[in-house]
1. Go through the range 116-133 and give me each residue that's over 25 Å from residue 93 (Cα atoms), assigned to a helix (DSSP H, G or I) and out of contact with any strand residue (DSSP E or B) (no Cβ under 9 Å at 6 or more places or on another chain).
2. Please find, among 154, 134, the residue that is over 21 Å from residue 80 (Cα atoms) and surrounded by fewer than 19 Cβ atoms within 10 Å (Cβ to Cβ).
3. Would you be able to tell me the number of residues in the range 202-221 that are touching a helix residue (DSSP H, G or I) at 6+ places or on another chain (Cβ under 6 Å), assigned to a helix (DSSP H, G or I) and buried (at least 16 other Cβ atoms within 10 Å of the Cβ)?
4. Yes or no: the range 184-195 includes at least one residue that is assigned to a loop (DSSP other than H, G, I, E, B) and free of Cβ contacts under 8 Å to residues at least 12 places away in the same chain.
5. Just one of the numbered conditions (1) within 20 Å of residue 192 (Cα to Cα); (2) modelled with pLDDT of 85 or more; (3) within 23 Å of the chain's Cα centre (by Cα) is not true of residue 80; which one?
6. Considering only the range 232-239, I want to know if a residue exists there that is out of contact with any helix residue (DSSP H, G or I) (no Cβ under 6 Å at 6 or more places or on another chain), surrounded by 14 or more Cβ atoms within 10 Å (Cβ to Cβ) and over 26 Å from residue 330 (Cβ atoms).
7. Identify, from the list 208, 228, the residue that is in contact (Cβ under 8 Å) with a residue 40 or more places away in the chain and within 16 Å of the chain's Cα centre (by Cα).
8. Kindly evaluate residue 234 against the criterion of being in contact (Cβ under 8 Å) with a residue 40 or more places away in the chain, in contact with a strand residue (DSSP E or B) (Cβ under 6 Å, 6 or more places away or on another chain) and closer than 26 Å to residue 304 by Cβ.
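The values are calculated or read from the model by the stated rules, or taken from the named source; none is laboratory data. Fair warning: this is a prediction, and the values are worked out from it, not measured in the lab. Neighbour counts are summed over all protein chains in view; Cβ atoms, including those assigned to glycine, are modelled from backbone coordinates with ideal geometry.
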């Protein structure tokens with residue numbers, strides 16, 4: 001911009017001002033300056049969006065950039081969070097705030113082939129005409145969007161963004177569509193990165209965190225507890241008689257049990273808790289800033305919720321139950337992560353020995369008692 005201003009002040013330019021004006025040089029310079037401002041805005045927006053750490057930050061940053069520039073009546077984001085999730089996540093925004101949208105869309109596949117060929121923002125009317133599939137577009141039509149923007153990546157269509165009509169003007173101009181196209185490429189990349197990261201830390205079958213992520217977070221929580229002396233809890237649980245269940249009803253039924261159990265776990269935890277699949281039918285949960293009494297309440301809530309779980313299947317399945325072991329860490333002892341896991345595992349073993357479908361919290365005398373019970377079983 002400074003170079004442009006210096007150019008315009010050059011005496012030689014001023015001496016030829018009228019001729020340059022007639023040739024349209026100054027008008028062209030104005031266009032270039034506007035383009036530069038637009039690219040600077042896109043670059044700054046891209047930095048904010050790509051530096052976002054969570055999906056909420058990505059969406060909120062995108063909403064702010066679009067709303068500040070165009071004042072749309074609403075924005076709706078739809079995406080599939082991971083490969084094992086069949087349902088789409090749908091998030092609506094109005095006036096910078098989330099709102100409950102009645103939009104019901106279960107699958108992105110009908111849009112896949114179209115957006116692979118046409119990857120730019122498109123008016124909803126044109127999309128509706130091109131697809132010629134009312135059953136697919138009708139749920140969107142009820143929201144009355146002006147634009148539909150695809151979120152594309154190496155694996156195809158990750159999601160869609162619906163943008164409502166502008167509040168102050170009638171239509172989106174071509175240069176605004178160009179700006180949205182460039183901005184959405186960064187939003188798409190940020191969402192793709194988020195989804196790929198989720199793939200890398202999630203268990204494919206249950207959608208819970210995987211073992212590797214759990215171990216990293218466990219060590220983080222132990223370091224935090226050592227520093228702040230705040231307690232946290234570790235729960236280990238597994239499905240009672242799961243091998244017998246698999247052998248009798250088949251592995252597909254076993255998979256259904258694990259998937260429904262994961263759903264119960266997620267519904268009964270806080271957003272800051274870390275549920276993971278430890279392996280097979282065994283699960284772990286980290287409960288930050290949680291003492292012994294609170295951990296017991298959470299474990300019992302999970303146990304009773306699973307005990308009342310009804311899993312739909314082609315034949316009646318027996319009632320699923322879980323056994324749980326709980327260990328508390330507050331930084332007052334010098335333990336490593338393996339030792340803490342062993343404590344929770346010993347408590348789980350006690351729950352099994354006491355008849356299953358129980359919760360046991362590790363205590364100082366539990367190790368000796370567990371060793372005695374194991375010795376007596378070996379003697380048998």
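1. So in the range 116-133, the residues over 25 Å from residue 93 (Cα atoms) come out as 116-118, 129-133.
Then keep just the ones that are assigned to a helix (DSSP H, G or I); that gives 116-117, 129-131.
Selection gives 117, 129, 131.
2. 134
3. Of the residues in the range 202-221, 2 are touching a helix residue (DSSP H, G or I) at 6+ places or on another chain (Cβ under 6 Å), assigned to a helix (DSSP H, G or I) and buried (at least 16 other Cβ atoms within 10 Å of the Cβ).
4. No, every residue in the range 184-195 fails to be assigned to a loop (DSSP other than H, G, I, E, B) and free of Cβ contacts under 8 Å to residues at least 12 places away in the same chain.
5. (2)
6. yes
7. After ruling out the rest, the residue left standing is 208.
8. Yes.
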